[in-house]
Amino acid sequence: MFKKIALVLVLCSVLTFPALCDNGNKDEVLVPIKVQVRELNGTAKVKRAQSREWTPLALNMALNENDVIRSVAKSQVTLVLESKRESSIIDVYGNSEVAFLRLERAKLTGEERIALSVSFGRIYIRSAKLEGQSTFKVVTPTSVVSVKGEAKFEVGVSALD
């Protein structure tokens, strides 16, 4: 039952998320932000954007927009989001699932748009200082967290009983 509720909530979030992220400038050239697995303690898997298969996550593996990672109990994954100025760090704790909804940088302005979805579990983020109209958002089944500037914060999603 919980899986069905969580799936419905995640689908609703994903389907309505583009409206939350729209920057209004359709003509700008966007380039992907690189995400790399810096540390891997325990076991985690990745489901690539156009795949149905879960494959083992590996140290130094590159992750892309629309990829999803899932960690098992007592595991931890540290990810680095390469920025033009500084890098943001994301720790994904055990029993967590995180999707990379948006990972892009405007080529001319350098403004970044980062959006993650946490379906379940817990993450800790140390975001680099955001410049101009850059955004860093984290979506859960029940909330949206948006960062401006520089921040350190934790987002957790627990099972509904």
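The values are calculated or read from the model by the stated rules, or taken from the named source; none is laboratory data. For clarity, every value in this text was computed on a predicted model and none was experimentally measured. Neighbour counts are summed over all protein chains in view; Cβ atoms, including those assigned to glycine, are modelled from backbone coordinates with ideal geometry.
Return yes or no: is ARG85 at pLDDT 95 or above, under 24 Å from ARG126 (Cβ atoms) and among the charged types (D, E, K, R)?
no
Yes or no: LEU57 surrounded by 14 or more Cβ atoms within 10 Å (Cβ to Cβ) and in contact (Cβ under 8 Å) with a residue 60 or more places away in the chain?
no
Any idea which residue in region 102-137 is farthest from the chain's Cα centre (by Cα), counting only those that are within 15 Å of ILE33 (Cβ to Cβ) and among the β-branched types (Val, Ile, Thr)?
Checking each candidate, the answer is THR109.
Restricting to region 71-82, give me the number of residues that are part of a loop (DSSP other than H, G, I, E, B), farther than 11 Å from GLU39 by Cα and modelled with pLDDT of 95 or more.
Adding up the residues that qualify gives 3.
Sort out which residues of region 115-151 are among the hydroxyl-bearing types (Ser, Thr, Tyr) and not in a strand (DSSP E or B), and write them in order of number.
Scanning region 115-151 gives SER134, THR140, THR142, SER143.
Name every residue in region 88-147 that is surrounded by fewer than 21 Cβ atoms within 10 Å (Cβ to Cβ) and of a type in the set (Phe, Trp, Tyr), in order of residue number.
Those that are surrounded by fewer than 21 Cβ atoms within 10 Å (Cβ to Cβ) and of a type in the set (Phe, Trp, Tyr): TYR93, PHE120, TYR124.
With touching a Cys at 6+ places or on another chain (Cβ under 8 Å) and either outside any strand (DSSP E or B) or over 22 Å from LEU40 (Cα atoms) (or both) as the only criterion, which of ARG85, ARG52, ARG102 stands out?
Just one listed residue meets the conditions, ARG102.
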